[in-house]
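J.: Handing you a structure now.
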Amino acid sequence: MRDLDTASRVVFLIPVLLLLLKYPIKTCVLSYSIPLGGIVSVCIALYDKFILNLNPDQNPRIMHIQGGDISMSLGILSLIIALYAYQKREVKLTVLSVIGGLCGIVGSLLSTARGGWVALPILLIVILWIYRHSLSKRFFLTFFGIIAVASVGISQMPNNRIMERIDVARKDIQLYLDNNDGNTSLGARFEMWKSALEMVKEKPLFGWGIQGATEKRKQETKERITTGNIGQFTHAHNQYLDDLSKRGIVGLLALLAVLFIPLRTFMKNLKTANNEIKLIATLGVAHILSVMIYGLSQGFLVHNSGTIFYFFLMIVFYTAIRTRQKAE
């Protein structure tokens, strides 16, 4: 039923697709709404942390890993819009987008979800590569100077939650390598990934199904085939291995198609001379790449929040490009 529920939500986005093809979204609406989304995300994160005094994993609205990753995406997309606005000499939009970008990133940092942190440097490099011919050497020197100062500043902050989380990750990896300890955050992930690969060996083509994979993990925990209590989790904390174990090779190929077909479509539009189309294509590329990276340590599309976020924005960006190409 979980599969049908997720699929139905995607199907219900078809009217959105048709609506946006008939009534295309304006670039200014898109350019302002994403940074505002980044600002809203950090406001929610600050409210939860300092007003409600909640730990990230106590979030009543959304799983903190999902919320942190979505906030990071809004931050990254806002920075792309900032580059576009900077080229167009639109000062107000540039300032708003930079603020939205920083807010989205801070919202992710407050969530303590490390998957989004991994995506940030990779996507910044991709974005700068796409716009490399449009930006001056002075811009690059200034940008990397700010990154260097910010990195040093963050690393030297007292009671630094970010560095603490990075240090915990390092210790988790060391404990697993030395003692095969699956009772830590990363150790449990390593055990789930190992379990998922073992499942594939038994049912490679169509997998175990959602219930079957969950029961298999519980059985392995009960029989102490794996270390740590991985039976408590409903997915493998890796989108690719999770689909492979639940739906087999067929399911994995379907997942890759959902990711790579639209990615290729957006990438084909990166070389256009139309600045608006290039902006939207870059947003599409960054959006899909970010979800692909989140999926390395989290079942991002297993959750309804991830599914709706991915497909809704993909539809928005696709229709925006399609309608502009028809108008040319």
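J.: Under 9 Å between Cβ atoms, at least 6 apart or on separate chains: pull out the pairs that start in the range 127-140 with a residue that is within 15 Å of A82 (Cβ to Cβ) and end on any residue that is small (G, A, S).
T.: I127/A286; I130/A281; I130/A286
Listed here are the residues, each with its yes/no results for (1) out of contact with any Leu (no Cβ under 7 Å at 6 or more places or on another chain); (2) open to solvent by less than 50 Å² (accessible area, probe 1.4 Å); (3) not hydrophobic (A, V, I, L, M, F, W, C).
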| site | (1), (2), (3) |
| --- | --- |
| I122 | yes, no, no |
| G145 | yes, yes, yes |
| I173 | no, no, no |
| T184 | no, yes, yes |
| M192 | yes, yes, no |
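J.: Now for a different question. Among the residues of the range 122-145, what is the count of those that are part of a helix (DSSP H, G or I) and more than 19 Å from H287 (Cα to Cα)?
T.: Total meeting the criteria: 9.
J.: Applying the selection to the range 186-230, what residues are over 20 Å from Y176 (Cβ atoms), assigned to a helix (DSSP H, G or I) and touching an Asp or Glu at 6+ places or on another chain (Cβ under 9 Å)?
T.: Hits for the range 186-230 are G209, I210, A213, K216.
J.: Considering the range 231-275 alone, what residues qualify as being more than 16 Å from A213 (Cα to Cα), in a helix (DSSP H, G or I) and of a type in the set (G, A, S)?
T.: Within the range 231-275, A254, A257 meet the criteria.
J.: Could we say that T272 is free of Cβ contacts under 8 Å to residues at least 24 places away in the same chain and within 25 Å of K22 (Cβ to Cβ) here?
T.: Judged against the criteria, T272 is a match.
J.: Additional query: Go through the range 251-283 and give me each residue that's more than 17 Å from the chain's Cα centre (by Cα), β-branched (V, I, T) and open to solvent by less than 70 Å² (accessible area, probe 1.4 Å).
T.: Selection gives T265, T272, I277, I280.
J.: Also, quick follow-up: Kindly evaluate D48 against the criterion of being among the charged types (D, E, K, R) and under 25 Å from V285 (Cβ atoms).
T.: Considered against the rule, which asks whether it is among the charged types (D, E, K, R) and under 25 Å from V285 (Cβ atoms), D48 comes out as no.
J.: Can you say whether I51 is over 26 Å from M314 (Cβ atoms) and either modelled with pLDDT of 95 or more or out of contact with any strand residue (DSSP E or B) (no Cβ under 8 Å at 6 or more places or on another chain) (or both), as far as the supplied structure shows?
T.: yes
J.: Follow-up question, since we're still on this one. Of the residues that sit in the range 87-114 and are of a type in the set (K, R) and outside any helix (DSSP H, G or I), which one is surrounded by the most Cβ atoms within 10 Å (Cβ to Cβ)?
T.: Filtering first and then ranking leaves K88.
J.: Evaluate the range 156-169: report whether one residue or more is modelled with pLDDT under 85, over 25 Å from the mean Cα position of the chain (by Cα) and outside any loop (DSSP other than H, G, I, E, B).
T.: Checking the range 156-169: at least one residue is modelled with pLDDT under 85, over 25 Å from the mean Cα position of the chain (by Cα) and outside any loop (DSSP other than H, G, I, E, B).
J.: If you don't mind, there's one more thing I want to ask. Search the range 198-223 for residues being within 19 Å of Y240 (Cβ to Cβ) and out of contact with any helix residue (DSSP H, G or I) (no Cβ under 7 Å at 6 or more places or on another chain), and hand back the single one that is most open to solvent (accessible area, probe 1.4 Å).
T.: K201
J.: Please identify the pairs in which a residue from the range 316-328 that is among the basic types (K, R) has its Cβ atom under 7 Å from the Cβ atom of a residue that is assigned to a helix (DSSP H, G or I) and at pLDDT 90 or above, counting only partners at least 6 apart or on another chain.
T.: Short answer, once both residue conditions are applied: R322/L21; R324/E276; R324/I277.
Listed here are the residues, each with its yes/no results for (1) open to solvent by 30 Å² or more (accessible area, probe 1.4 Å); (2) assigned to a loop (DSSP other than H, G, I, E, B); (3) without any contact (Cβ under 8 Å) to a residue 60 or more places away in the chain; (4) of a type in the set (S, T, N, Q).
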residue	(1), (2), (3), (4)
P15	yes, no, yes, no
L21	yes, no, no, no
S31	no, no, no, yes
D57	yes, no, yes, no
D69	no, no, no, no
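For (1) farther than 23 Å from L186 by Cα; (2) hydrophobic (A, V, I, L, M, F, W, C), each residue gets a yes or a no:
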residue: C103; (1), (2): yes, yes
residue: T112; (1), (2): no, no
residue: W117; (1), (2): no, yes
residue: I122; (1), (2): no, yes
residue: L128; (1), (2): yes, yes
residue: S134; (1), (2): yes, no
residue: L141; (1), (2): yes, yes
residue: F144; (1), (2): yes, yes
residue: N160; (1), (2): no, no
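J.: Condition (residue is over 22 Å from I14 (Cβ atoms), surrounded by fewer than 24 Cβ atoms within 10 Å (Cβ to Cβ), at pLDDT below 95 and touching a helix residue (DSSP H, G or I) at 6+ places or on another chain (Cβ under 9 Å)) applied to the range 306-328: is it met by at least one residue?
T.: yes
The values are calculated or read from the model by the stated rules, or taken from the named source; none is laboratory data. Quick caveat: nothing in here was measured; it's all calculated off a predicted structure. Using ideal geometry, Cβ is built from the backbone for each residue, glycine included, and neighbour counts are taken over all protein chains shown. When the accessible area is computed, the model is the full protein with side chains, heavy atoms only, and any ligands, DNA or RNA have been set aside. Shrake-Rupley method; radii C 1.70, N 1.55, O 1.52, S 1.80 Å.
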